[in-house]
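The values are calculated or read from the model by the stated rules, or taken from the named source; none is laboratory data. As the structure is a computational prediction, the values presented were derived from the model and not from experiment. No Cβ is skipped: glycine too gets one built from the backbone with ideal geometry, and neighbour counts run over all protein chains shown. SASA here: full protein model, heavy atoms, side chains in, ligands and nucleic acids out. Shrake-Rupley method; radii C 1.70, N 1.55, O 1.52, S 1.80 Å.
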Amino acid sequence: MADTRILSRDCASTMIPSGETFNLPQGTEVTITHRLGDNFTVTCEFGMMRIAGKDADAIGENVVQKGNAAANHDGGPPDIKACWDALKTVFDPEIPVNIVDLGLVYTLEPITMEDGKYKVDCAITLTAPGCGMGPVIAEDARLRLMTVPGVSDAEVSIVWDPPWNQDMISEEGKMELGLI
């Protein structure tokens, strides 16, 4: 059963897979194909698009935006499990599995900065080198890491070594994709 909506206002979107920004005009009919984290993958006359959670109201959805928990920095290091959990809310808009279970997160390392605060460095890869959504996914990951208490800064870089392959998908991810 298709979940079709009419945009109630102009809405920023990102074209999939090119990663180009595109303004969807009010009145555009869209079909929600995936609800991934706080974001939505939709199809419409312009193609496949990603609508960010901050614009969910335009499609009649309600998403509670998470604040930046770094503002409540208590001086302690971030919980690495909380960082991994934050990354489990980030999705490739074409695949309904989070980037952790897809095996796209290669490294996640908290670093003490000179001022005693903590930065998290993260290296991710993509399922395909030509994917224009890479910067969008990396920025989404950075913003999610910034919500973890104790994280004052986060940097997410895209790397290609080792090349990603399906063997990197977790058992949970493989089950979600119907691979096992």
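Report yes if some residue within the stretch 121-131 is touching a Cys at 6+ places or on another chain (Cβ under 6 Å), surrounded by 21 or more Cβ atoms within 10 Å (Cβ to Cβ) and either of a type in the set (A, V, I, L, M) or in contact (Cβ under 8 Å) with a residue 24 or more places away in the chain (or both); otherwise report no.
Within the stretch 121-131, none of the residues are touching a Cys at 6+ places or on another chain (Cβ under 6 Å), surrounded by 21 or more Cβ atoms within 10 Å (Cβ to Cβ) and either of a type in the set (A, V, I, L, M) or in contact (Cβ under 8 Å) with a residue 24 or more places away in the chain (or both).
For the stretch 6-38: of the residues being at pLDDT below 95 and charged (D, E, K, R), which is nearest to Leu145 (Cα to Cα)?
Only one residue fits best here, namely Asp38.
Going through Val148, Val100 one at a time, which residue ends up being assigned to a loop (DSSP other than H, G, I, E, B), open to solvent by less than 60 Å² (accessible area, probe 1.4 Å), in contact with a Leu (Cβ under 9 Å, 6 or more places away or on another chain) and at pLDDT 95 or above?
Val100
Working only within the stretch 5-42, note down all residues that are under 18 Å from the mean Cα position of the chain (by Cα) and among the polar types (S, T, N, Q).
Ser13, Thr14, Ser18, Thr21, Thr33, Asn39, Thr41
Identify, please: which residue in the stretch 1-39 is among the basic types (Lys, Arg) and part of a strand (DSSP E or B) and is, among those, least open to solvent (accessible area, probe 1.4 Å)?
Arg5
Any residue that is modelled with pLDDT of 85 or more and either open to solvent by less than 80 Å² (accessible area, probe 1.4 Å) or over 15 Å from Ala154 (Cβ atoms) (or both) - is there at least one of those in the stretch 68-80?
Going through the stretch 68-80, the residues modelled with pLDDT of 85 or more turn out to be 77-80.
Remaining after also requiring either open to solvent by less than 80 Å² (accessible area, probe 1.4 Å) or over 15 Å from Ala154 (Cβ atoms) (or both): 78, 80.
Yes, because at least one residue in the stretch 68-80 is modelled with pLDDT of 85 or more and either open to solvent by less than 80 Å² (accessible area, probe 1.4 Å) or over 15 Å from Ala154 (Cβ atoms) (or both).
For the condition among the acidic types (Asp, Glu) and crowded, with 16+ Cβ neighbours inside 10 Å, what is the one hit in Asp140, Asp115?
After ruling out the rest, the residue left standing is Asp140.
Inside the stretch 7-46, can you point out the residues that are in contact with a Gly (Cβ under 9 Å, 6 or more places away or on another chain), under 24 Å from Ala86 (Cβ atoms) and among the charged types (D, E, K, R)?
Answer for the stretch 7-46, where residues must be in contact with a Gly (Cβ under 9 Å, 6 or more places away or on another chain), under 24 Å from Ala86 (Cβ atoms) and among the charged types (D, E, K, R): just Asp38.
Tell me which of these Gly116 doesn't satisfy, since it passes every other one: (1) at negative phi; (2) in a loop (DSSP other than H, G, I, E, B).
Unmet for Gly116, out of (1) at negative phi; (2) in a loop (DSSP other than H, G, I, E, B): (1).
Cβ-Cβ below 6 Å, separation at least six or inter-chain, first residue in the stretch 40-58 and farther than 13 Å from Gln26 by Cα and open to solvent by 20 Å² or more (accessible area, probe 1.4 Å), second of a type outside the set (Lys, Arg) and in a loop (DSSP other than H, G, I, E, B): which pairs?
From the stretch 40-58, the pairs are Met48/Ile16; Arg50/Ile16; Arg50/Pro93.
If I ask for residues that are β-branched (Val, Ile, Thr) and touching a helix residue (DSSP H, G or I) at 6+ places or on another chain (Cβ under 8 Å), which ones from the stretch 135-180 would you list?
Thr147, Val148, Val151, Val156, Ile158, Ile169, Ile180
I'm checking my understanding of the structure. Among residues of the stretch 151-173 that are crowded, with 16+ Cβ neighbours inside 10 Å and in a helix (DSSP H, G or I), which one is modelled with the lowest pLDDT?
Checking each candidate, the answer is Gly173.
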